[in-house]
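The values are calculated or read from the model by the stated rules, or taken from the named source; none is laboratory data. Computed from a prediction, not measured in an experiment: that's the story for all the values here. Cβ atoms come from the backbone with ideal geometry, glycine included; neighbour counts cover every protein chain shown. In case anyone asks, the SASA skips ligands and DNA or RNA and just uses the protein heavy atoms, side chains included. Shrake-Rupley method; radii C 1.70, N 1.55, O 1.52, S 1.80 Å.
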Amino acid sequence: MITLDFRVVTTGLRFPEGPLELPNGDILVVEIAAGCLTRITPAGEKSLFATTGGGPNGAALGPDGAVYVCQNGGFHWTERPLPDGTTGLFPGEQPEDYIGGQIQRVSPDGSEVTTLYNNCDGERLKGPNDIVFDAEGNFYFTDHGKTRPRDRDRTGVFYASPDGKMIKEVIFPMEGPNGIGLSPDGKTLYVAETPTGRLYAFDLVGPGEVGMRRVVATVPGAPPFNFAMCDSLVVDAEGNVIVATLVNGGLTSISPSGETTHYPCPDVLTTNACFAGPGLGTLYATLSTTGKLIAFDNWPTKGLKLNC
């Protein structure tokens with residue numbers, strides 16, 4: 001475990017996730033509980049970018065400059081006390097106003113939100129979670145599924161085009177797949193499973209063609225139960241996979257060979273991260289129960305330039 005200093009960029013967000021850098025250097029986050037996308041300046045000033053409804057989750061810039069959003073359909077929300085005496089916001093089961101899983105396209109200026117996909121071969125999407133574009137201009141995304149009082153969805157990973165004409169399921173089944181990313185050479189697809197705490201690596205034999213898989217590592221747990229779960233992820237320029245870690249709140253950097261280094265954050269639901277700024281030298285992270293966006297200006301590695 002290594003502790004790094006960070007700065008708080010902004011507060012008051014409603015369960016932020018899906019951070020990405022916009023062309024002008026602002027950071028865009030989703031606010032899952034507010035059903036919107038929010039623009040945040042380097043000074044921490046917030047403004048509404050787009051309203052999606054439901055529960056916007058992972059987001060990525062596409063080749064056309066639009067923002068592609070994994071719409072999870074919404075959650076039932078509860079407030080619970082945190083160890084420091086404050087109150088945190090926590091997601092739960094599928095809500096009564098669930099709008100269904102979707103991939104949404106948000107126009108570059110945020111003025112238009114359209115549904116690109118809501119099913120694959122007639123099977124409805126349940127709760128899309130995270131997304132990454134490849135060098136072909138298409139994207140992979142996870143479907144985390146939804147939970148209900150007595151059952152939960154079986155889900156997987158999909159590959160789709162941004163023109164709305166091609167979607168296919170490429171991995172099934174997985175247990176609550178969450179974070180997704182590509183290695184620097186584009187030949188390995190990384191997928192993090194939430195309940196198992198595992199990071200998987202899948203060989204790619206072609207665009208949208210998945211080969212063998214292996215477990216890279218399991219994120220380290222928090223005492224006294226030695227338990228942790230995975231959320232979303234980002235890949236750095238050296239090929240390390242930085243997994244936002246739940247319960248043992250923080251960021252876990254996992255090398256391609258499976259060595260792990262945990263960087264704690266002050267939120268049990270540290271949910272996602274992205275590199276931004278000059279030389280992709282700053283790592284931003286979302287602290288979701290406490291509604292914060294933080295930044296590590298001294299992260300030990302640089303970011304990997306994403307396909308878009």
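How large is log10 of I(q)/I(0) for the stretch 125-277 at q = 0.09, 0.12, 0.15 Å⁻¹ when the intensity is taken from the Debye formula with one equal scatterer per alpha-carbon?
-0.26, -0.47, -0.74
Which is farthest toward the positive dipole end of the chain among Asn119, Val170, Gly85, measuring Cα position about the Cα centre, with Cβ charges +1 (Lys, Arg) and -1 (Asp, Glu)?
Selected residue: Gly85.
Can you give me the accessible area per residue for the stretch 137-230, using a 1.4 Å probe, in Å²?
Numbers: 4340 Å² over 94 residues.
On a per-residue basis, 46 Å².
What residues qualify as long-range amide H neighbours of Asn272, i.e. H under 5 Å apart, gap of 5 or more or another chain, H built at 1.01 Å from N?
Residues meeting the criterion, in which the H sits 1.01 Å from N, are Thr286.
Go through the stretch 191-205 residue by residue and turn each phi into a ³J(HN,Hα) via Karplus (6.51, -1.76, 1.60, θ = phi - 60°); whole Hz please, and just put x for glycine and proline.
Residue by residue, the stretch 191-205 yields 9, 9, 9, 5, x, 7, x, 9, 9, 9, 10, 10, 5, 9, 9 Hz.
Suppose a student asked you for the relative contact order of the chain, using Cα pairs under 8 Å spaced at least 6 residues apart; what percent would you report?
16
Where the accessible area of the chain is counted over protein heavy atoms with a 1.4 Å probe, how much of it, in %, is carbon and sulfur?
On the chain, the fraction of accessible area on carbon and sulfur atoms equals 50 percent.
Of Tyr263, Gly221, Val243, which is farthest on the positive side of the dipole of the stretch 180-290, counting Cα position, with +1 on Lys and Arg Cβ, -1 on Asp and Glu Cβ, and the Cα centre as origin?
It is Gly221.
Using the Cα centre of the stretch 1-109 as the reference point, and only Cβ charges (+1 on K/R, -1 on D/E), how large is the resulting charge dipole? Debye, rounded to the nearest 20. Mind dumping the intermediate values first?
Numbers: 6 positive and 13 negative charges, 16 e Å.
Approximately 80 debye in magnitude.
Take the residue pairs Lys187/Lys305; Lys168/Lys292; Lys46/Lys168; Lys146/Lys302; Lys146/Lys187 and return only those whose Cα atoms are more than 26 Å apart.
Lys168/Lys292; Lys46/Lys168; Lys146/Lys302; Lys146/Lys187
Using the charge dipole of the chain (Lys, Arg: +1 at Cβ; Asp, Glu: -1 at Cβ; taken about the Cα centre), state which of Leu199, Asn307, Leu37 has its Cα farthest towards the positive end.
Leu199
Taking the Cα centre as origin and putting +1 on Lys and Arg beta-carbons and -1 on Asp and Glu beta-carbons, what dipole magnitude results for the stretch 137-203, to the nearest 20 debye?
Charge dipole, the stretch 137-203, about its Cα centre: 240 debye, nearest 20.
Give, rounded to the nearest 20 debye, the magnitude of the charge dipole that the chain has about its Cα centre when Lys and Arg contribute +1 at Cβ and Asp and Glu contribute -1 at Cβ.
Values: 22 positive and 35 negative charges, 73 e Å.
Roughly 340 debye, rounded to the nearest 20.
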